[in-house]
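Below: one structure, written as structure tokens.
The values are calculated or read from the model by the stated rules, or taken from the named source; none is laboratory data. Model, not experiment: these values are computed from the prediction. Here the Cβ positions follow ideal geometry from the backbone for every residue, glycine too, while neighbour counts run over all protein chains shown.
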Amino acid sequence: MKALKEALAQAQQDVLDQEAARALYEQADLPTLGQLAHAARLRHNPEPVVTYAVDRNINYTNVCVSRCAFCAFCRDRDHPEAYVMDRETLEKKCDETLALGGTHILYQGGLHPGLDLWWHEERVRFMRQKGLHVHGFSPPEIVFLAERSGLSIAGVLERLVRAGLGSIPGGGAEILSDRVRQQISPRKASTSQWLEVMETAHGLGLKTTATMMFGHVETVEDRLLHLFAVRKLQEKTEGFTAFIPWPYQPGPGIVRAGPTGGAAYLRMLALSRLVLHNVPHVQASWVTQGAAIGQVALHFGADDLGSTMIEENVVAAAGVSHRLSEAQMVHLIESAGFRARQRDVLYRPVSCDPEVQGSC
Ligand code: SF4
């Protein structure tokens, strides 16, 4: 109980160390964790506003040589469902996104050995010319392109930035522990490579998010290592805009380690908010949790509800398909007691909020 008392005190002062974080996670009850996380959220983002984005996921290919054990999305090159998105389809998706008020594209895909850096640069340039911000290429894609092109990570990022890349999504982190990565994604970027891509991107002025997929083969200690690795890099670079934890959605080929229902998700979300006191925003994952838990998450440390996701393929491939329109998302936020505000990928307001000075 002494450890819990000390942990509660540390959490209230935004100085949670790893031992105290563990005590909190294992011993605090769910309502206490929620109260602490919501108080931390109000210290970081005091306005009663929950943000959301209007964007579209574009997955340019599902061909992937990584074959991660948990992935229901990837296909071999000769599989009948394998695809590489053509220019016409890309253009149609960009035009639809703009017509719906979308500001950016979350652009990611499998590790396809036939698509070189030049191909990707051309696609990024095309989306930028359409007027969309490109939030693209998670660290494993950057590492793969570096290996294939013979360039350094910085070299690949510089070329993509010159083509118009605006920021990087934090995908492919799963759990930042090589022991875990060896079990679930041994052919994908290692922990140090994931962190190197993010540090290099931040050094080039790119903002990024960070994610965590939990609830599979990892231990609580692995989750804590992940959170503290993100916090440590953020102390150095201040380049992460948001943290997005979500539970593993069971697909083929992986044994689940523990419960990932609503309560388990909310515990992890709250702990994320408390450990990552230096990351500005924490995002609720309604895509994996559904609208109801997504709404509760707004009282467990989250200040952002993610995006309307005009299109989502990766989670849907695992059989989970929650959908929300922009109006439904606004309703969800407002009925939870907050004002809803559309943001862009860098968390800037898309339109003026009459109640917030300086938002125009
Ligand atoms: S998770 Fe990503 S890297 Fe892993 S197999 Fe699926 S598409 Fe490839």
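Numbers for the structure displayed
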read-out	value
Residues of the stretch 270-304 classified as within 20 Å of GLN13 (Cβ to Cβ) and buried (at least 20 other Cβ atoms within 10 Å of the Cβ), total	12
Matching residues in the stretch 219-244 - criterion: being in a loop (DSSP other than H, G, I, E, B) and at pLDDT 95 or above	GLU238, GLY239
Scan of the stretch 30-80 for residues that are within 22 Å of the chain's Cα centre (by Cα) and assigned to a strand (DSSP E or B), ordered by number	VAL49, VAL50, THR51, TYR52, ALA53, ASP55, ARG56, ASN57, ILE58, ASN59, THR61, VAL63
Filtered residue count, the stretch 163-183, keeping only those that are hydrophobic (A, V, I, L, M, F, W, C) and assigned to a loop (DSSP other than H, G, I, E, B)	3
Top-ranked residue in the stretch 105-155 [being without any contact (Cβ under 8 Å) to a residue 40 or more places away in the chain and under 16 Å from the mean Cα position of the chain (by Cα); ranked as farthest from the ligand (Cβ to nearest atom)]	VAL134
Test: residue in the stretch 88-104 that is in a strand (DSSP E or B) and either charged (D, E, K, R) or without any contact (Cβ under 8 Å) to a residue 60 or more places away in the chain (or both)	no
Out of CYS64, CYS71, sole residue that is within 9 Å of the ligand (Cβ to nearest atom) and touching a residue at least 60 places away in the same chain (Cβ under 8 Å)	CYS71
Selection from the stretch 279-312 of residues that are modelled with pLDDT of 90 or more and acidic (Asp, Glu)	ASP303, ASP304
The stretch 176-204 - residue that is under 19 Å from ARG231 (Cβ atoms) and among the β-branched types (Val, Ile, Thr) and, of those, farthest from the ligand (Cβ to nearest atom)	THR200
Restricting the stretch 1-16 to residues that are surrounded by 14 or more Cβ atoms within 10 Å (Cβ to Cβ) and of a type outside the set (S, T, N, Q), the residue that is modelled with the lowest pLDDT	ALA3
Sole residue being free of Cβ contacts under 8 Å to residues at least 60 places away in the same chain, at negative phi and more than 14 Å from the ligand (Cβ to nearest atom), chosen from ALA39, ALA82	ALA39
